[in-house]
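Below is one structure; the comments refer to it alone.
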Amino acid sequence: MTTPSTSTAPTAAHTPAAPGARSSLGPVGLVLAGGVSVQFGGALAVTLMPRAGALGVVALRLLVAAVVLLLVCRPKVRGHSRADWGTVVVFGLAMAAMNGLFYQAVDRIPLGPAVTLEVLGPLALSVLASRRAINLVWAGLALAGVFLLGGGGFDDLDPAGVAFALGAGAMWAAYIVFSARTGRRFPQADGLALAMAVGAVVFLPLGLAESGTQLLDPVTLGLGAAVAMLSSVMPYTLELLALRRLPAPTFAILMSLEPALAATAGFLVLGQSLSLPQALAIGLVIAASMGAVRTQVGRRKPVVAPEA
């Protein structure tokens, strides 16, 4: 068995958790900020898809994000164990697959149902990974809200689009797991930068095959850069930092806010209105997320340093 490399990233063993709510409100705020960013980036990506295609948008998003993160983080490529590299490669593949499958889904079915189906992945993770019965209640409440937001059924949707959305949800769950592992093995956002580079290298040939020279259009490049910053660089960095201090089950339940954030972005950017059932669904997922956060805050206890 390969021994994990020593990392300077903060962990529970190195950084004592502050007592009270402050220790949880920090990572929760990071998750919410990342969710807002990724949904508004997704709304912008919808306007870009007619110009670059679904695979082209993903390729631009990953490539620009990788370049930005590599320039900012300047990660070291030496001194990491084989297990470190295995983790970062799987993380990068999960990101690429999650984005590729999701954009294939929204190319076939409406954005709302696609996000609703995709979020089932994190919800399933929260149920499977949780060791407390109360988290099953929050997950169930969020699941009810997610289905209500989707209109209570998906019978009229394209089967391939549904399959792509569910596949994106499975990759989203893998992303959560390997984002947390990467954050523990690499300092700052170094692991994220390397993983993004892996995803970009894997996906770029697919984008070029679909869109070709259209990806070089200045307007397309500009919009792609904006989508990359809003949908990849900012949210993935914030989520990686949050997962260092927030348990995966609580993080996964917070992901149920994504359909609500998507509906808000659709209203503000695309002029899409909310029906009463959709507003009720948003209330359910927010209540589930608040419950998950309160449960996590209740579990936090002051860390007493041992006497010398």
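The values are calculated or read from the model by the stated rules, or taken from the named source; none is laboratory data. Note that this is a predicted model, so its numbers are computed, not measured. Ideal geometry is used to build each Cβ from the backbone, glycine not excepted, and the neighbour counts take in all protein chains shown. Only protein heavy atoms, including side chains, enter the accessible area calculation; ligands, DNA and RNA are left aside. Shrake-Rupley method; radii C 1.70, N 1.55, O 1.52, S 1.80 Å.
Per residue, the accessible area of the range 30-297 comes to 41 Å², computed with a 1.4 Å probe over protein heavy atoms only. Calculate what fraction, in whole %, of the accessible area of the range 30-297 sits on carbon and sulfur atoms when a 1.4 Å probe is rolled over the protein chains. After summing per-atom areas, the C and S share lands at 69 percent. By definition, a body whose alpha carbon gyration tensor gives a ≥ b ≥ c is oblate when a/c is 1.5 or more and a/b is not larger than b/c, and the range 30-297 fits this oblate description.
Full extension of the segment from residue 137 to residue 33, taken as 0.36 nm per residue of separation minus the current Cα-Cα distance, would add 34.9 nm.
Using C-alpha pairs under 8 Å with a sequence gap of at least 6, the mean separation divided by the residue count of the range 30-297 gives a relative contact order of 40 percent.
Sorted on the mean count of surrounding Cβ atoms within 10 Å across their residues, most packed first, peptides 209-221, 50-62 read 50-62, 209-221. With the cut-off at 1.5 for a/c, could you classify the range 21-75 from its C-alpha gyration tensor as rounded, prolate or oblate? Judged from the Cα gyration tensor, the range 21-75 comes out oblate (a/c at least 1.5, b/c at or above a/b).
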